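Enquirer: Quick one: the structure is below, and I'll ask about it shortly.
Please treat every number below as a calculation from the coordinates, not as lab data. This structure is a prediction, so every number in the text was calculated from the model and none was measured. Using ideal geometry, Cβ is built from the backbone for each residue, glycine included, and neighbour counts are taken over all protein chains shown.
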Amino acid sequence: MFVTGTDTAVGKTIATGVLAVCLRAHGLNAGVMKPIETGIGVGVLPDSDWLISVAPSAVPRDMIAPYRLQAPAAPLIAAEAEDLMIDVQRIVSAYEALASRHDCMLIEGVGGVMVPLAPGFLVTDLIQLLRLPVLIVARSGLGSINHTLLTVECLRRRDIPIVGVLFNNPTAPPDNADRHDTIRTILRWTGLRLIGELPYGHGLPQTWDRERSRLMAHIDIQALLESVGFRTMA
């Protein structure tokens, strides 16, 4: 399953980690992957390092995160700054190797679905190449309706299956009434399945150990399992 967002900084990494832990708790050996990571040089814990810490796997880090780029920019721009060209086949090979070692995979994207990864190659192209269904992570606040509907429209025009939508509150949540109206409107207009709404987790990812159980409780794991077709051992 490919985890994308309606924008950057919507909480894809936290969502991917929570989902991986939930799936493992239900008996599935869920693997994680961050094919392209940017902003490694900005002094914060890299997303891939955090994902590895919450969903450990006995594979090399460069298989989980094939590209770790310094600049906090779109992959195409960040790669050009380092005189690199993203080799898509390297990503595909790493994914196939990981998939052979796990029951299911969670692939965290970068930015939104139309972010350029290489010349003439977008996130949507990678999704289609890997032949994965998509989970959309969206904010539940102001502006999310437009961003989410655009994301859904883009994916559906390319016949990319959508698992559902997971709402997140990466900052202090908006007024309850506004938040509920936003979620209800998005679900009504898209017909997508609601996978959950993650509450605001103060200090994440550093506070993961404290927030873990609370975040997991907000995932409708059965909805996810049914939508993707996973079979658990739990």
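Enquirer: Considering the dipole of region 46-180 built from charges on the beta carbon (Lys and Arg +1, Asp and Glu -1) around the Cα centre, which of TYR95, ALA79, LEU117 is farthest to its positive end?
Expert: Going by the Cα projections, it comes out as TYR95.
Enquirer: Quick one: check the C-alpha center-to-center distance for region 1-72 versus region 139-213, whole angstrom.
Expert: That distance is 18 Å.
Enquirer: Which of TYR67, TYR95 has the fewest other C-beta atoms within 10 Å, and how do the rest follow up to the most? Can you show the working numbers first?
Expert: Values: TYR67 24, TYR95 21.
Fewest to most other Cβ atoms nearby, the residues stand as TYR95, TYR67.
Enquirer: Return GLU153, GLU37, GLU80 ranked ascending by Cβ neighbour count within 10 Å, so the fewest neighbours appear first. Provide the component values of the computation, followed by the final result.
Expert: Details: GLU153 11, GLU37 22, GLU80 17.
The fewest-first ordering by Cβ neighbours comes to GLU153, GLU80, GLU37.
Enquirer: Right, here's the next one. When every alpha-carbon pair in region 62-128 is counted, what percent end up more than 20 Å apart?
Expert: Values: 587 of 2211 pairs.
The answer is 27 percent, as a whole percent.
Enquirer: Please tell me the relative contact order of region 6-121 in percent, rounded to the nearest whole number, where contacts are Cα pairs under 8 Å and at least six residues apart. Write out the running numbers ahead of the final one.
Expert: Values: 173 pairs, mean separation 42.7, N = 116.
After rounding, I find 37 percent.
Enquirer: Show that you can apply the helix-only estimate: for the chain, add -39,500 (n - 2.57) for every DSSP H stretch of four or more residues, divide by all residues, and state [θ] at 222 nm to the nearest 500. Working shown, then result.
Expert: Numbers: 10 runs with 99 residues, N = 234.
Here the helix-only value at 222 nm equals -12500 deg cm²/dmol.
Enquirer: May I pose another question? Could you work out the relative contact order of the chain? I mean the mean sequence separation of Cα pairs under 8 Å and 6+ apart, divided by the number of residues, in percent.
Expert: Values: 428 pairs, mean separation 59.2, N = 234.
Computed value for the chain: 25 percent relative contact order.
Enquirer: Once the Cα atoms of the chain are picked out, what are the Rg and Dmax in Å?
Expert: Rg then Dmax for the chain, in Å: 16.6, 48.
Enquirer: Only four residue types carry charge here, +1 at the Cβ of Lys and Arg and -1 at the Cβ of Asp and Glu. Report the dipole size of the chain about the Cα centre in Debye, rounded to the nearest 20. Before the final figure, lay out each step's value.
Expert: On the way: 20 positive and 23 negative charges, 117 e Å.
With Lys and Arg at +1 and Asp and Glu at -1, about 560 debye.
Enquirer: Using DSSP, restrict attention to beta bridges with both residues in region 2-228 and report what percent are antiparallel, rounded to the nearest 5.
Expert: On the way: 3 of 25 bridges.
Percent antiparallel among DSSP bridges in region 2-228 is about 10.
Enquirer: Can I ask one more? Rank the residues GLU82, GLU197, GLU108 as a footprinting-exposure proxy: fewest other Cβ atoms within 10 Å of their Cβ go first. Before the final figure, lay out the partial values.
Expert: Details: GLU82 11, GLU197 19, GLU108 26.
In increasing order of surrounding Cβ atoms, one gets GLU82, GLU197, GLU108.
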